[in-house]
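Take a look at the structure set out below.
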Amino acid sequence: MDSTTSRRMFLKSVAVAGSAAALPGATMARAADQEAQRPRRYRISCAAYSYRQYLPRGEQSAPETLFDFVDLCARWDCDATELTSYYFTATDPEYLFRLKRQAHGLGLAVNGTAVGNNFALPPGEALDREIANVKAWVDRALQMGAPAIRIFAGRAAEGLDREKAFGYVTDAIKRCCDYAGEHGVYLGIENHGYLTERAEDLLRIMDKVNHPWLGINLDTGNFVDRPYDNIALAAPKAVTCQVKIELRTEKGDGREPADLNRIVGILRKADYQGYLTLEYEGKEEPKTAIPMWLKRLTEAAAS
């Protein structure tokens, strides 16, 4: 959208608001009811993970950078960009502020970042390092203006009892949430395998941690079965939502194309307030497939 179009839309909204203010009370009430009934137009973002084959990770070089990805998000007409932590080539303030400045200059919010932590560890140095890393990304999210960070529960360790792991995970999340809350950053626990296979597992973690700065990072493609039922159960607690183009089948015995309209409908019913972030994992070339799927997601979000 160019600046002229943006100004026209702004002036139109001001005119509508001014007209409504001059209406009699009953007419204003009807106008408010009509506005309330209008479907929410969700804002659209794209996760850098979608573009992973073109981005550097650790010692692995790549032809493009997060700065190139931010440019693409603007070209693809996104409202925001999700900058996955894996692809940062630096984390000093100067680098983070450059990313923030570039996104803002292109009209994009940085709606979140994502870390690959493992909290399913017994107390000790390894777990302390994982917690310290998440806290460090809270600081970085704050510097970039990102309101939320995606976190994991962790990975199954050989011989570790699941209930013990649950205790380690929830204690670590609580410690991180205390820090995140002091900085005004949400942590979003994702349904990503171990301890988070279904919505009931996520809600159990939420109940145990019981922290105002913890929510769910709802990944529509990661539930092991009954995807739409699980999405509906998790959505009321979601602070972020990553939308996949495929879901598990009802019985969990395969994968099938995602019904984007159905997903958006579930989120609306749950009064989800955040962004819809495309996390592309398809087989087609990302440079052509991502903008196509962003367009479909935008259409679903506006329907």
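The values are calculated or read from the model by the stated rules, or taken from the named source; none is laboratory data. What you see is a predicted model, and the numbers here were worked out from it, not measured in a lab. Because the Cβ atoms are built from the backbone with ideal geometry, glycine has one as well, and the counts that use them run over all protein chains shown.
Okay, here's what the table says:
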item: Filtered residues of segment 271-303 (kept if assigned to a helix (DSSP H, G or I) and acidic (Asp, Glu)); result: 299
item: From 230, 217, residue being on the phi < 0 side of the Ramachandran plot, touching a residue at least 60 places away in the same chain (Cβ under 8 Å) and touching a Lys or Arg at 6+ places or on another chain (Cβ under 7 Å); result: 217
item: Residue list for segment 66-101, filter: touching a Phe, Trp or Tyr at 6+ places or on another chain (Cβ under 6 Å) and either farther than 22 Å from residue 186 by Cβ or basic (Lys, Arg) (or both); result: 69
item: Long-range neighbours under 6 Å by Cβ, at least six apart or interchain, first residue closer than 20 Å to residue 100 by Cβ within segment 52-78, second part of a loop (DSSP other than H, G, I, E, B) and β-branched (Val, Ile, Thr); result: 56/89
item: Any hit, segment 76-88, residues being among the acidic types (Asp, Glu), under 17 Å from the mean Cα position of the chain (by Cα) and surrounded by 13 or more Cβ atoms within 10 Å (Cβ to Cβ); result: yes
item: Cβ pairs under 7 Å, 6+ apart, first in segment 279-303 and basic (Lys, Arg), second assigned to a helix (DSSP H, G or I); result: 296/260
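The rows are residues; the columns are (1) modelled with pLDDT of 95 or more; (2) surrounded by 12 or more Cβ atoms within 10 Å (Cβ to Cβ); (3) touching a strand residue (DSSP E or B) at 6+ places or on another chain (Cβ under 9 Å); (4) farther than 17 Å from residue 113 by Cα.
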| position | (1), (2), (3), (4) |
| --- | --- |
| 29 | no, no, no, yes |
| 35 | no, no, no, yes |
| 48 | yes, yes, yes, no |
| 54 | yes, yes, no, yes |
| 58 | no, no, no, no |
| 66 | yes, yes, yes, no |
| 69 | yes, yes, yes, no |
| 73 | yes, yes, yes, no |
